[in-house]
Protein chains: 2
Amino acid sequence: MKTKNIVFLGKSIDNYIAGKNGELDWLDTIPNPDQLSMGYHELMKEIDAIIMGSTSFKTVLSFDIEWPYNKPVFVLSRSLKTIPKNLEDQVTLIQGDEKSILERIHNKGFKNLYIDGGNVVQNFLKQDLIDELRLTTIPIVLGDGIPLFDVLPRSLKFEHVKTEVFCNQIVQSTYLRKRQT
Amino acid sequence: MKTKNIVFLGKSIDNYIAGKNGELDWLDTIPNPDQLSMGYHELMKEIDAIIMGSTSFKTVLSFDIEWPYNKPVFVLSRSLKTIPKNLEDQVTLIQGDEKSILERIHNKGFKNLYIDGGNVVQNFLKQDLIDELRLTTIPIVLGDGIPLFDVLPRSLKFEHVKTEVFCNQIVQSTYLRKRQT
């Protein structure tokens with residue numbers, strides 16, 4: 001079964017995904033008059049399910065908007081015990097190491113997964129479980145914050161697929177993991 | 001007097017400029033059959049002088065090639081006391097804080113400067129002395145190494161000028177510092 005784990009993240013030039021206190025306002029500082037989704041709609045069409053950490057899940061809940069995902073969401077958390085009643089059909093709490101989680105989700109028939117959230121992405125990268133990186137760079141050097149990357153046990157080669165510039169300011173590069181065959 | 005401090009660096013996707021032990025081999029893993037300079041020749045035409053740290057200087061010396069620069073080089077170092085005799089006409093040792101160094105170099109008539117080397121770039125960024133970032137991303141997540149960026153006292157906004165893709169694999173983005181006026 002062909003499966004794919006995709007990272008889709010906005011980041012600063014210095015590779016932070018949020019400010020020190022979780023600030024995300026700098027992600028929206030570039031005017032986007034045509035309301036481009038910058039690859040988000042395409043991503044949503046490509047994936048079968050979403051895996052995110054509890055921090056991302058709580059962040060989405062804090063936005064106080066309608067639940068934004070129309071794909072099943074798996075929230076990877078040891079601490080979270082319950083999910084809001086109204087989301088029980090859409091959100092599943094899941095525990096375990098990354099490989100066993102993936103096996104269970106694949107067995108449910110979900111193959112193309114959107115992997116979201118700083119810790120989750122770092123843990124997946126540490127085990128070489130990311131197949132595609134779609135990184136969107138906002139033209140700011142944030143100086144401090146929550147980093148996208150952590151130290152890895154070894155280097156991972158990627159193949160550059162495409163780079164697009166949105167609104168003249170935002171650079172999005174797509175990379176495919178290049179594994180030895 | 002209009003002056004400009006330009007950073008021109010190759011980096012991994014995770015923003016390392018060298019491996020843990022200074023390895024640079026991964027910078028040259030993408031075949032470049034047409035020997036594109038990827039902006040280096042243009043940079044050399046634009047600048048009047050180069051400022052680098054002692055690590056970069058020693059790295060260049062270690063390559064055991066002909067001295068590669070045809071512009072004056074200022075080596076910022078507290079430890080280095082002498083430079084090789086054959087380079088005395090081209091290389092000047094310089095000490096002091098970044099602002100006073102810049103003043104002295106500007107007073108010699110050098111306005112457009114190529115700022116090179118990890119520590120030097122980080123120290124210049126900490127004082128908001130970088131006007132232009134030209135960053136070239138090699139499609140590898142190195143996992144560990146010498147980082148391009150350090151924590152800064154505050155965020156720095158930039159304006160994206162252009163992004164080019166070389167050899168289908170190497171993404172180079174140019175950013176201009178956007179200062180409040």
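The values are calculated or read from the model by the stated rules, or taken from the named source; none is laboratory data. Computed from a predicted structure; not experimentally measured. Note that we place each Cβ from the backbone using ideal geometry, even for glycine, and neighbour counts take in every protein chain shown. Surface areas here come from the heavy atoms of the whole protein model, side chains and all, with no ligands, DNA or RNA. Shrake-Rupley method; radii C 1.70, N 1.55, O 1.52, S 1.80 Å.
Rg and Dmax of the range B:1-40, both derived from C-alpha coordinates alone, stand at 13.6, 41 Å.
The calculated 222 nm mean residue ellipticity attributable to helices in the protein assembly as shown amounts to -5500 deg cm²/dmol, summing -39500 (n - 2.57) over DSSP H runs of n ≥ 4 and dividing by all residues. By the Cα gyration tensor, the range B:31-134 has an equivalent ellipsoid whose semi-axes, rounded to whole angstrom, run 22, 18, 14 from largest to smallest. In order along the range A:96-110, the Karplus-derived 3J(HN,Hα) couplings, from 6.51 cos²θ - 1.76 cosθ + 1.60 at θ = phi - 60°, round to x, 6, 4, 5, 6, 4, 4, 4, 5, 5, 4, 5, 7, x, 8 Hz, and Gly and Pro are given as x. What is the list of residues in the range B:20-45 whose amide nitrogen lies under 17 Å from a point 7 angstrom out from the Cα of A:K178, following Cα to Cβ? Once the point is set 7 Å along Cα→Cβ of A:K178, B:24-36 turn out to lie under 17 Å by backbone N, inside the range B:20-45.
Checking every one of the trypsin sites (Lys or Arg not before Pro) in the range B:66-174 against DSSP loop status and a limit of 16 other Cβ atoms within 10 Å picks out B:R78, B:K81, B:K108, B:K111, B:R154.
Rolling a 1.4 angstrom probe over chain A with all protein chains present gives an accessible area of which 48% lies on carbon and sulfur atoms. Taking 0.36 nm per residue of separation and subtracting the current Cα-Cα distance, fully stretching the chain between A:I30 and A:L61 would add 8.7 nm.
With just the Cα atoms defining each centre, how far is the range A:1-73 from the range A:105-126? Give it in Å. The range A:1-73 and the range A:105-126 have Cα centres spaced 14 Å from each other. Would you grab the residues whose amide H sits under 5 Å from the one on B:I30? Only those 5+ places off in sequence or on another chain, please, with H modelled 1.01 Å from N. Here nothing satisfies the definition.
What does the charge count near B:G19 come to, summing +1 for each Lys or Arg and -1 for each Asp or Glu among other residues with Cβ under 10 Å from its Cβ?
-2
Accessible surface area normalised per residue over the protein assembly as shown is 52 Å², counting heavy atoms of protein chains with a 1.4 Å rolling probe. Chain B contacts chain A over a buried accessible area of about 2500 Å², both sides summed; the probe is 1.4 Å and only protein chains count.
The protein assembly as shown: Rg/Rh from Cα coordinates, Kirkwood Rh?
Details: Rg = 22.6 Å, Rh = 22.3 Å.
Reported Rg/Rh (Cα atoms, Kirkwood Rh): 1.01.
In sequence order, the range A:8-16 has phi-based couplings of 9, 9, x, 8, 7, 4, 8, 6, 9 Hz under the Karplus curve 6.51 cos²θ - 1.76 cosθ + 1.60, θ = phi - 60°, and Gly or Pro positions carry x. Counting only GluC sites (Glu not before Pro) that sit in a DSSP loop (anything but H, G, I, E, B) with at most 14 other Cβ atoms within 10 Å, what is the longest stretch of chain B containing none of them? With a cap of 14 other Cβ atoms within 10 Å, the longest stretch comes to B:89-181. Karplus-derived 3J(HN,Hα) values for the range B:73-78, using 6.51 cos²θ - 1.76 cosθ + 1.60 with θ = phi - 60°, are 10, 10, 9, 8, 7, 8 Hz; glycine and proline are entered as x. Residues whose amide H lies under 5 Å from that of B:E132, counting only those 5 or more places away or on a different chain, are B:N5, B:V7, B:R177; hydrogens are built 1.01 Å from N in the peptide plane. Taking the convex hull of the alpha carbon positions in the range A:87-181 and averaging its projected area over all directions gives 8.9 nm².
Using the Cβ atoms and a cut-off under 9 Å, what net charge is assigned to the surroundings of A:Y175, where Lys and Arg are +1 and Asp and Glu are -1? Here the charged neighbours net out to +1.
Using Cα-only point scatterers and the Debye equation, what is log10 of I(q)/I(0) for chain B at each q in 0.08, 0.13, 0.15, 0.18 Å⁻¹, rounded to two decimals? The Debye formula, applied to the Cα set alone, gives -0.25, -0.69, -0.95, -1.40.
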